[in-house]
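One structure below.
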Amino acid sequence: MPWTATVRSASAGRAANAWVVGADVGATKIVAGLVDPRGRIRSRDRREVPPSRAPGAVTDRIAECIAACRASARSTPVVIGVGIAGQIDSVRGVVRYAPNLRWKNFALGPRLREASRLPVYLANDVRAIAVGEWHFGAGRGLRDLLCISVGTGVGGGVVVDGHLLEGATNSTGEIGHTMLVAGGRKCTCPHRGCLEAYVGGWAIEERARARARRSPASAKRLIREAGAVTRITPRALERAARAGDPFSRALVEEFASEFAAGVVGLVNAFNPRRVIVGGTVAEGFPEYLHRARVAVREGCQPAAALAQVVPSRLGPDAGILGAAWLARSSLAPRTALSQRG
Ligand SMILES: [Zn+2]
């Protein structure tokens with residue numbers, strides 16, 4: 001019997017009143033929170049991902065983060081939910097492939113369970129974010145929504161007809177790896193020209209550095225803001241653009257237009273009522289949201305073009321609440337994963 005099934009049969013019935021730890025593991029940071037039965041975060045912790053991104057070191061850091069949440073609150077959680085940037089086998093608790101952490105087939109669930117002495121439920125990070133926004137944030141009450149997160153990578157969660165889509169092998173929502181340019185830039189996945197390879201955090205960092213190297217005179221202000229070409233980051237680009245640097249502003253507009261083009265295709269494909277845009281890069285560059293809003297209105301097929309494009313309401317809490325919700329649902333019958341709108 002898979003270990004999550006054991007958890008499910010042993011713990012069903014306790015789910016409704018369960019306190020749960022939710023954690024969100026990205027490529028650079030880990031946030032976790034202890035969530036009460038009403039979906040309120042009662043204690044939280046945040047840590048950096050170790051620069052090596054080695055599975056063992058990251059596991060230890062996640063366990064520390066979870067332990068800190070548990071130590072600062074009196075109630076005892078019954079399960080831990082972890083959203084992590086990658087393709088997940090939730091039944092075995094295995095991270096199959098996490099390109100931005102450079103992991104393959106790592107059994108994070110069992111390792112964390114050993115460290116925390118609690119059952120652990122793993123999910124894709126953006127799918128957890130989508131669930132958080134769906135139940136507690138900008139998607140509340142809707143039956144059809146698309147949640148897009150632009151951080152180091154680009155991911156998505158898709159709710160259609162009141163169901164969170166999972167797919168044949170649990171990887172629905174890898175929208176960062178839908179194609180933007182045939183034969184284009186090399187991606188971290190085996191493909192080329194993916195949306196993420198143009199507008200994700202790692203990609204805009206590479207592209208901004210390359211442009212600055214090519215036109216150092218025009219990029220003077222950006223280079224000064226970053227300290228050196230090799231130290232240009234999305235944050236430095238954001239600061240220079242906000243300060244009015246024309247070179248940086250033009251780059252941001254270009255990246256935002258490319259993002260918007262990708263969103264048009266996704267809205268045509270999934271026909272959401274609402275598109276929720278979040279993640280550290282999208283929050284730093286509001287142009288992503290603005291361009292997407294206009295592009296959906298003007299570029300989508302008429303019925304799909306009615307989709308509203310809105311910012312995330314929960315920010316970093318979405319991943320915590322969504323992972324906690326999914327973990328709590330793993331204790332109860334499977335139908336808990338759908339919602340009436
Ligand atoms: Zn890709």
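In table form, for the structure just shown:
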{"quantity": "Residues of region 41-64 satisfying the condition of being charged (D, E, K, R) and outside any strand (DSSP E or B)", "calculated": "Arg53, Asp60, Arg61, Glu64"}
{"quantity": "Residue that is in a loop (DSSP other than H, G, I, E, B) and either in contact with a helix residue (DSSP H, G or I) (Cβ under 6 Å, 6 or more places away or on another chain) or within 16 Å of the ligand (Cβ to nearest atom) (or both), where the choices are Gly155, Gly139, Gly176", "calculated": "Gly139"}
{"quantity": "Complete set of residues in region 78-95 that are touching a Ser or Thr at 6+ places or on another chain (Cβ under 9 Å) and more than 15 Å from the ligand (Cβ to nearest atom)", "calculated": "Val78, Val79, Ile80, Gly81, Ile88, Asp89, Ser90, Val91, Arg92, Gly93"}
{"quantity": "Single residue of region 266-279 satisfying the filter (assigned to a helix (DSSP H, G or I) and in contact (Cβ under 8 Å) with a residue 60 or more places away in the chain) that is nearest to Gly26 (Cα to Cα)", "calculated": "Leu266"}
{"quantity": "Residue count for region 242-258, restricted to those that are among the aliphatic types (A, V, I, L, M) and in a loop (DSSP other than H, G, I, E, B)", "calculated": "1"}
{"quantity": "Subset tally (residues that are buried (at least 24 other Cβ atoms within 10 Å of the Cβ) and either in a loop (DSSP other than H, G, I, E, B) or aromatic (Phe, Trp, Tyr) (or both)) for region 280-324", "calculated": "4"}
{"quantity": "Residue within region 230-249 that is in contact (Cβ under 8 Å) with a residue 12 or more places away in the chain, under 22 Å from Gly278 (Cβ atoms) and within 16 Å of the ligand (Cβ to nearest atom) present", "calculated": "no"}
{"quantity": "Filtered residue count, region 158-173, keeping only those that are of a type in the set (Val, Ile, Thr) and within 16 Å of the ligand (Cβ to nearest atom)", "calculated": "1"}
{"quantity": "Scope region 65-94; condition closer than 16 Å to Ile41 by Cα and part of a loop (DSSP other than H, G, I, E, B); matching residues", "calculated": "Ser72, Ala73, Arg74, Ser75, Thr76, Pro77, Val78"}
{"quantity": "Residue in region 191-206 that is touching a Gly at 6+ places or on another chain (Cβ under 6 Å) and more than 10 Å from the ligand (Cβ to nearest atom) present", "calculated": "yes"}
{"quantity": "Residue that is nearest to Gly167 (Cα to Cα), among those in region 107-124 that are away from the ligand (no atom under 16 Å from the Cβ) and surrounded by 21 or more Cβ atoms within 10 Å (Cβ to Cβ)", "calculated": "Ala123"}
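All of the numbers you see were taken from the coordinates with simple rules; none came from a lab. This structure is a prediction, so every number in the text was calculated from the model and none was measured. A quick note on method: Cβ atoms are made from the backbone with ideal geometry, for glycine too, and the neighbour counts reach across all protein chains shown.
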